[in-house]
Amino acid sequence: MKMIIIIVQDNDADTLTQAFTAGNFRVTRVASTGGFMRSGVVTMLLGVEDTQVDAAIKVVRDALPTHSASADKKRATLFVVPVNHFEQV
């Protein structure tokens, strides 16, 4: 199992949440601040099976395409972290 942590700007969060939901992924959103001038960002957490990691990353790439005029501007930062133990109580 993996935990995918995704950091996006506020204005991309709804689009990405809807894309994850449409792709049958469960997502937890956490409002946060960071980056240049402490702008508003959203941190998303997804717990996925190892086989679903590539599909989840594809959802991000498809939902947040880079625009040719600003190809150097990234729209999301992703971390894929192994999960040693998972439990629901």
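One line per residue, one yes/no per condition, for (1) modelled with pLDDT of 80 or more; (2) surrounded by 10 or more Cβ atoms within 10 Å (Cβ to Cβ); (3) within 16 Å of the chain's Cα centre (by Cα); (4) over 19 Å from Thr15 (Cα atoms):
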site	(1), (2), (3), (4)
Arg38	no, no, no, yes
Ala56	yes, yes, yes, no
Val59	yes, yes, yes, no
Thr77	yes, yes, yes, no
Val83	yes, yes, no, yes
Val89	yes, no, no, yes
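For segment 40-54, filtered to residues that are of a type in the set (A, V, I, L, M) and modelled with pLDDT of 95 or more, the residue that is nearest to Leu16 (Cα to Cα) is Met44.
The values are calculated or read from the model by the stated rules, or taken from the named source; none is laboratory data. Keep in mind that what you see is a predicted model, and the values were worked out from it rather than measured. Cβ: placed from backbone, ideal geometry, glycine included. Neighbour counts: every protein chain shown.
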